[in-house]
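Here is the structure we will look at, set down as structure tokens.
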Amino acid sequence: MKKHSSLRIVATLAVLAACSRPVATSAPTSQPAAASGAPKHMLFRAHGPKGATVYMLGSVHLLSPDVATLPSVVDTAFTHAKLIAFETSLDTIQMRATEMLSRSRYSGGATLRTSLSPKAIAHLDTVLKAYGLTVDQVNGFKPWFVSVLTTQLVMQRMKFEAKYGVDMQLNARAHTANMPIVGLESVDFQMGLFDSILPADQEKMILEANGPDSSVRSMTRIKDAWVAGNVAGLDSLLNAGMVSSPAMFATMVTNRNRSWIPKIDEMLKGKDDALVVVGAAHLVGKQGVIEMLRAKGYKIEQM
């Protein structure tokens, strides 16, 4: 694995990618087109009873340089906001990347070969060869990490980098502007997310993994849908594959959405504007943050 990027970087990206794409599996081959005249950005706005406006931005945690410049409406939302909220502290996540790498390794003598079925190992062997890797090279790592690793290799091919990601850009801006930064959940919680995925679901991640060419096509569709503000398309691309893994979908997406609603509701009931930046998968769909807030009576517009 030495010929590939640093495992420390991959470990950091494992956390950053936790919700931008919860499952490293094949995405649908097509996506719903954005409606004619529909909003063009993954930015939403809700008004509270005391004058606060809360902007909610669906993030892609890694982007390529060609789409790295954020839309002007995001700049406006940032300018109006008195605080910015991310899923968790990005600064602490980066400082604890080595710990994340440690969590990704098996202990007690377990390995991929002893933990996965022969069918999964055979499929993994085929997939890894397309990435220039072998099962033996990753045998000491858990299935979720192998999925993250192959995703990172595809992102390298597409020139996707964390520094261009929505979160990293806005986190840096907030530091420069001395803007208060808050996390919707603790770093400890988010770092434990991958290990909370059931073994059966981790095996499914391996069985549904694709080679780099297919993954490039999937990630290109996700990027294009995000740029177009295609809410239905992103829901299909990011969340549709979770239908067959309801426990993982609950762990990685819906349960977290519910835990964030009281905190966003508190912001809405205040007097100061705020900007909330979370993975796009959390905002879209019937169980997304936007629909949960609408169920509480808030009127939300896409900008």
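Please treat every number below as a calculation from the coordinates, not as lab data. Just so you know, these numbers come straight off a predicted model, no measurement behind them. Cβ atoms come from the backbone with ideal geometry, glycine included; neighbour counts cover every protein chain shown.
Straight-line cross-link reach from Lys296 at under 22 Å between alpha-carbon atoms covers these lysines, not counting any fewer than eight positions away in the same chain: Lys50, Lys263, Lys269, Lys271, Lys286.
Note on Ser214, Ser259: ascending count of other Cβ atoms within 10 Å places them as Ser259, Ser214, the fewest first.
Going by a ≥ b ≥ c, the root eigenvalues of the Cα gyration tensor, does the chain fall in the rounded group (a/c under 1.5), the prolate group (a/b larger than b/c) or the oblate group? Prolate. Among the trypsin sites (Lys or Arg not before Pro) within the stretch 216-303, those in coil by DSSP and having at most 14 neighbouring Cβ atoms inside 10 Å are Lys269, Lys271, Lys286, Lys296, Lys299. Explain nothing, just the number: dipole magnitude of the chain about its Cα centre with +1 on each Lys and Arg Cβ and -1 on each Asp and Glu Cβ, in debye rounded to the nearest 20. In debye, rounded to 20, the chain gives about 80. Summary value for the stretch 43-184: 42 percent relative contact order, contacts being C-alpha pairs under 8 angstrom separated by 6+ residues. As a length-normalised measure over Cα pairs under 8 Å and 6 or more apart, the relative contact order of the stretch 34-127 settles at 14 percent. Let a ≥ b ≥ c be the square roots of the eigenvalues of the Cα gyration tensor of the stretch 178-227; is it rounded (a/c under 1.5), or, if not, prolate (a/b larger than b/c) or oblate? Judged from the Cα gyration tensor, the stretch 178-227 comes out oblate (a/c at least 1.5, b/c at or above a/b). Counting neighbouring Cβ atoms within 10 Å and putting the fewest first, the residues Thr251, Thr92 line up as Thr92, Thr251.
Indicate the gyration tensor shape class of the stretch 137-225 (rounded, prolate or oblate), computed on the Cα atoms with a ≥ b ≥ c the square roots of the eigenvalues: a/c under 1.5 is rounded; otherwise a/b larger than b/c is prolate and the rest oblate. Judged from the Cα gyration tensor, the stretch 137-225 comes out oblate (a/c at least 1.5, b/c at or above a/b). For the stretch 49-118, trypsin sites (Lys or Arg not before Pro) meeting the loop criterion (DSSP other than H, G, I, E, B) and having at most 13 other Cβ atoms within 10 Å: Lys50.
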